[in-house]
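Contents: one structure, followed by commentary.
The values are calculated or read from the model by the stated rules, or taken from the named source; none is laboratory data. All of these numbers come straight from a predicted model, not from anything done at the bench. Because the Cβ atoms are built from the backbone with ideal geometry, glycine has one as well, and the counts that use them run over all protein chains shown. Heavy atoms of the whole protein, side chains included, go into the accessibility calculation; ligands, DNA and RNA do not. Shrake-Rupley method; radii C 1.70, N 1.55, O 1.52, S 1.80 Å.
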Amino acid sequence: HAIGTKGGKQEWVNPHTQGQVEVTWSSVDTYGGKVENFVAHTSPGWSQTLSTPGSSMQVDLKGFRVSHPTQYCLRHGYGDDNFRLLQFKLQASHDNTNWVDLDTQSHTDSPFSVGYGTAAFPISGGGSAEQSGLATVGGKHESGWRYFRLTQTGKDSSGNDHLCCGGFEVYGILTGEW
């Protein structure tokens, strides 16, 4: 939300379509919406990958960094209660190569009870040295995480491998230039 509003200085616009961040998916279902839906602020419509094990959605914050992440919020990417996430993990990276697990979730009942429903998840180790995002990588000091990736680690509520997510926000200390 902060990036899309330039720190509260403007009405929200999708930061992917404005070039402030870059969203990528492991695959895009023909009927699965647009990649920018992953960082949408409102229910954008259907948003899912192909039914492939290990499906993922990722955001590159480009010139922004998030350190000390404390929680994240996801929005179900479908208009009813089908294809709801049950098992997934959130990871972060400085370089899009080396990833750190920030949180892992495994549910028998999905935390998303309705179409386009939202749920928040704490990042219990966000203050730890490993999960804070503060590090020296290749001799360069990193002031936070640049990349965040959501990966489905098991079947969805419909027994498929679609990653169906129409919104992602992470909360922590945001740095960068608007």
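Before moving on, here are some points about what is shown:
- Packing, taken as the mean count of other beta carbons within 10 Å per residue, orders the peptides 61-71, 111-121 from highest to lowest as 61-71, 111-121.
- Prolate/oblate/rounded label for segment 1-103 (Cα gyration tensor, a/c 1.5): oblate
- Spin-label pair K62/T24, simplified geometry with 7 Å Cα→Cβ offset, distance in nm: 1.5 nm
- Computed accessible area, E130, all protein chains, 1.4 angstrom probe, square angstrom: 130 Å²
- Apportionment of accessible area to carbon and sulfur, the chain, percent (1.4 Å): 47 percent
- Here the simple spin-label model places points 7 Å from the Cα toward Cβ, and for D81 and N98 these points are separated by 4.4 nm.
- Using the Cβ-Cβ distance between Y31 and T118 with R0 set to 25 Å, the FRET efficiency works out to roughly 0.65.
- Hits among lysines - C-alpha to C-alpha of K34 under 21 Å, sequence gap 8 or more where chains match: K62
- Given (i) 16.2; (ii) 19.1; (iii) 20.1, the label whose value is Kirkwood radius over Cα pairs in Å derived from this model: (i)
- Set of lysines with alpha-carbon distance to K89 below 18 Å, sequence-local pairs under 8 removed: K155
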